Amino acid sequence: MLSLIVPVYRNEESLPDLLAAIADLNDKVGGDFETVFVIDGSPDNCYLLLRQQLPRQSFRSQLVLLSRNFGSFAAIRMGLQFARGQRFAVMAADLQEPPALVLQMNEILRRDEADVVVGVREGRSDPLFSRLSSNAFWWLYRRYVMPEIPPGGVDMFGCNRDFRDTLLTLEERHSSLIGQLFWVGYRRSVVPYTRLERQHGKSGWTFRKKWKYLMDSAFSFTDLPIRLLIRVGALGTALVGALAVVVVVARLNGLIPVPGYAMTILTIALLGSMNLFGLGIVGVYAWRAYENTKQRPNAIHRQSHAFEGVAHAHAHQA
């Protein structure tokens, strides 16, 4: 069976189109299919609408309500935990990723050609600013965090049960699910697609969230901050050496009337800033280690429901 995980947050307007697209997927898969909707603390009526609509749908489904907004990656992990299939796919509720990709991923997984399939964006119909900011984000991600990430980034993936089980063993806090997909390894396949224009609502993927995600990824999967600190320290030492030569020459030529003033002030400023920067880096790592010692779950589900679907319910009654 194929399990489709759909995190839902502020997607009330897109739910009718989403349910229709999923029903179409169910028909094309042949009924060996379920959808796990994870309501990620959405402030709108997504949960109530799905609670009313899902019992009337032709496909099997589960509805999981989180106690608050934990973020899409925590919601996806929760959906993977509840999913009952042998193959899994993740799709956004805004339908900007073509639902047909689920069928391609399922076919690759069914033929056992790969353990994980990632959707790679070859183009996007987003506004200009959104495209530019997204391209800049994924360029930085590839350049400084994980070079294996495709240039357009990854918003959609599918996997088999072995990969799912391994992925769920990673209980890091403040990490990157996309980074974990590539860090885990296994056989990987790629499906290209063009990101569609958003039809309803506004994306919650703000600049602040992108920046936080980039920082989480950098501190979780690379030693870039440490290497940056070493380079800044080496550069600062070189500048201090050059400055010392300048100060000595200026002092010998009488250009500095107060003995030791310029050298003392500049040295204190340079070493003080380097010290603060270094303490900040060490503090971030210490804080993350402390967070992991708490052993808190990535998300907490408050309620869950399972629906067999109209077609399956009639079959059982017969």
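The values are calculated or read from the model by the stated rules, or taken from the named source; none is laboratory data. From a predicted model like this one, the values you see are computed outputs, not experimental measurements. Cβ: placed from backbone, ideal geometry, glycine included. Neighbour counts: every protein chain shown.
Here are a few things to note about the model shown:
- When LEU15 is tested against (1) surrounded by fewer than 20 Cβ atoms within 10 Å (Cβ to Cβ); (2) assigned to a loop (DSSP other than H, G, I, E, B), only condition (2) is not met.
- Residue in the stretch 60-75 that is touching a residue at least 12 places away in the same chain (Cβ under 8 Å), in a helix (DSSP H, G or I) and out of contact with any Asp or Glu (no Cβ under 7 Å at 6 or more places or on another chain) present: yes
- The stretch 20-77, residues that are buried (at least 23 other Cβ atoms within 10 Å of the Cβ), small (Gly, Ala, Ser) and over 14 Å from ALA93 (Cα atoms): SER61
- Residue, surrounded by the most Cβ atoms within 10 Å (Cβ to Cβ), within the stretch 142-177, restricted to residues that are at pLDDT 70 or above, in a helix (DSSP H, G or I) and touching a helix residue (DSSP H, G or I) at 6+ places or on another chain (Cβ under 8 Å): PHE163
- Verdict on ILE265 being hydrophobic (A, V, I, L, M, F, W, C), modelled with pLDDT under 70 and either outside any helix (DSSP H, G or I) or outside the structural domain of TYR285 (by TED's automatic domain parsing) (or both): no
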